[in-house]
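J.: Below: one structure in structure tokens.
The values are calculated or read from the model by the stated rules, or taken from the named source; none is laboratory data. Values in this document were obtained by computation on a predicted structure and should not be read as measured data. For neighbour counting, all protein chains shown are included, and Cβ atoms are generated from backbone atoms with ideal geometry for every residue, glycine included. Just the protein is used for accessible areas: all its heavy atoms, side chains included, with ligands, DNA and RNA removed. Shrake-Rupley method; radii C 1.70, N 1.55, O 1.52, S 1.80 Å.
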Amino acid sequence: MYRFDPERPEEAGDVDAVAEAAADPTGARLITLTVTNRTAAPLAVDWTRISVMGPDGRARALRPDTDLGWVPAGATQTARLSPFTLAEYGDQALANEGARFVLEVPMRPNGELKVYRIHLGAHVAPLKERG
């Protein structure tokens, strides 16, 4: 069983926008991303360039399950990003204990390209067998 804790929240938001994420690799195998537009203009999110970098240093593309378009001024939009798959059991799963993942979300608040980064620390807990 995995649990992900956010780290370095200062990189995931500013006066223009905020990005928040929750990871669920053992259930739906996705990341839920919530973007809040703090500006008075529509916010362009480059949904096709969102990626997650794992502890191996490789970036993997994530895609929303639906085309979300722009985030209206002052609005919040949620996307379900996939695939986010990790080993479910055994030594491969336990090797992810303490691993760091970085979700990179490119956005253009007020027309200026910014990459918001969400740092997630993985914690692995063995599932107890039912007796």
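J.: Normalising by the residue count of the chain, find the relative contact order in percent from Cα pairs under 8 Å and 6+ residues apart.
T.: 33 percent
J.: Can you list the residues of region 33-58 with backbone N under 17 Å from a point 7 Å past the Cα of GLU112, pointing along Cα to Cβ?
T.: It comes to 37-45, nothing else.
J.: Determine how many Å³ per residue the convex hull of the Cα atoms of region 47-100 encloses.
T.: Here the figure is 107 Å³ per residue.
J.: A follow-up question, please. I'd like to check one number: the per residue accessible area of the chain, probe 1.4 Å, reported in Å² as a whole number.
T.: Normalised by residue count, the accessible surface of the chain is 58 Å².
J.: Working out 0.36 nm times the residue gap between THR78 and ASP46, then minus their Cα-Cα distance, what length gain in nm do you get to one decimal?
T.: 10.1 nm
J.: Please list TRP70, TRP47 from largest to smallest accessible area, probe radius 1.4 Å, with all protein chains kept in place.
T.: TRP70, TRP47
J.: Taking the convex hull of the Cα atoms, report for the chain its projected area averaged over all directions, in nm².
T.: 8.4 nm²
J.: Specify the longest stretch of the chain that does not include any exposed loop site, a site being one of the GluC sites (Glu not before Pro) with a non-H, G, I, E, B DSSP assignment and at most 10 other Cβ atoms within 10 Å.
T.: With GluC sites (Glu not before Pro) excluded where exposed in loops, the chain gives 1-111 as its longest stretch.
J.: May I pose another question? Among ALA87, GLY57, ALA99, whose Cα sits farthest toward the positive end of the charge dipole of the chain (+1 at Cβ of Lys/Arg, -1 at Cβ of Asp/Glu, about the Cα centre)?
T.: Of ALA87, GLY57, ALA99, it is ALA87.
J.: Report, in deg cm²/dmol and to the nearest 500, the calculated mean residue ellipticity at 222 nm for the chain, where each DSSP H run with n ≥ 4 adds -39500 (n - 2.57) and the sum is divided by the residue count.
T.: Rounded to the nearest 500, the figure is -500 deg cm²/dmol.
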